[in-house]
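Worksheet: the structure to be examined is printed underneath.
The values are calculated or read from the model by the stated rules, or taken from the named source; none is laboratory data. None of the values given here were measured: they were computed from a predicted structure. Please note: Cβ atoms are built from the backbone with ideal geometry, for glycine as well, and neighbour counts cover all protein chains shown.
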Amino acid sequence: MNEKNSARPVDLAVGHYRFVFASDRVARFSDFSGSAWRGALGHTLKRTVCVTRQSQCRQCLLYRSCVYPYFYDTPPHAGAERMRRYETAPHPFVQLGQGLPDRLLEGHASFTDAVSAASRNRAAPRLRLQVGTATAWADGERLDLGPTEFAVLLWRKDSPKDLADYFEPQKSRINKAMRQVLGEHAAERYAIRRTGPRGASLYYLPLAPQNIDIREGTKP
């Protein structure tokens, strides 16, 4: 194999930063507010690090050494071989908002895990129930459930059913386990929901049959 074209391990230093924004007035955001936070961060970063105050970064003498264009324009390295034909390279950051698993927001996950979790909301839910071992997976992530919680989950896989008050703690534990593993937003696709008036409520999983994989044995 040609050594020049072979894959080589790359040691990338990944940092984790938490930014806190405070508004001096009532602010309303859409469900897709990522661009607003990205713009707020970019505006503050440029105001902080820019020393020339030029309106266009590409004409600046510090274009390839300033942190702002590195983040938001990302020119390839001057000596790059594979990216030499492109004006910009992939931006070196992933924006993590609220509603993601705590391990991501606290920096205890890989870059790949962060990208996967950030795009999870757009994918169809996938619930796997392994009857032989009483274990459950959501989006490929194993859920921390006890035997009773697993039984309640399996029981309500088909259609809305009555749920006695003494099963309410199990329902809450299932939903909590989903949030811990998937994050608040992605877990909402699996959350056990109630329909009907109080006193005659039915509970159900908001999943289509093709999104539930039930396996009787012990092998995954």
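Side notes on the structure shown:
- Residue count for the stretch 70-116 satisfying the condition of being part of a helix (DSSP H, G or I), modelled with pLDDT under 70, touching a Leu at 6+ places or on another chain (Cβ under 9 Å) and within 18 Å of Leu182 (Cβ to Cβ): 3.
- Selection from the stretch 45-98 of residues that are out of contact with any Pro (no Cβ under 7 Å at 6 or more places or on another chain), of a type in the set (Ser, Thr, Tyr) and farther than 30 Å from Ala186 by Cα: Thr48, Thr52, Ser55, Ser65, Tyr68, Tyr70
- Residue list for the stretch 204-220, restricted to those being under 27 Å from the mean Cα position of the chain (by Cα) and modelled with pLDDT under 85: Tyr204, Leu205, Pro206, Leu207, Ala208, Pro209, Pro220
- Candidate set: the stretch 28-61, residues that are at pLDDT below 85 and in a helix (DSSP H, G or I); chosen: the one surrounded by the most Cβ atoms within 10 Å (Cβ to Cβ): Leu41
- Given (1) under 17 Å from Tyr17 (Cβ atoms); (2) touching a residue at least 12 places away in the same chain (Cβ under 8 Å), number of the condition His43 does not satisfy: (2)
- Residue tally, condition at pLDDT 80 or above and in a loop (DSSP other than H, G, I, E, B), over the stretch 117-154: 13
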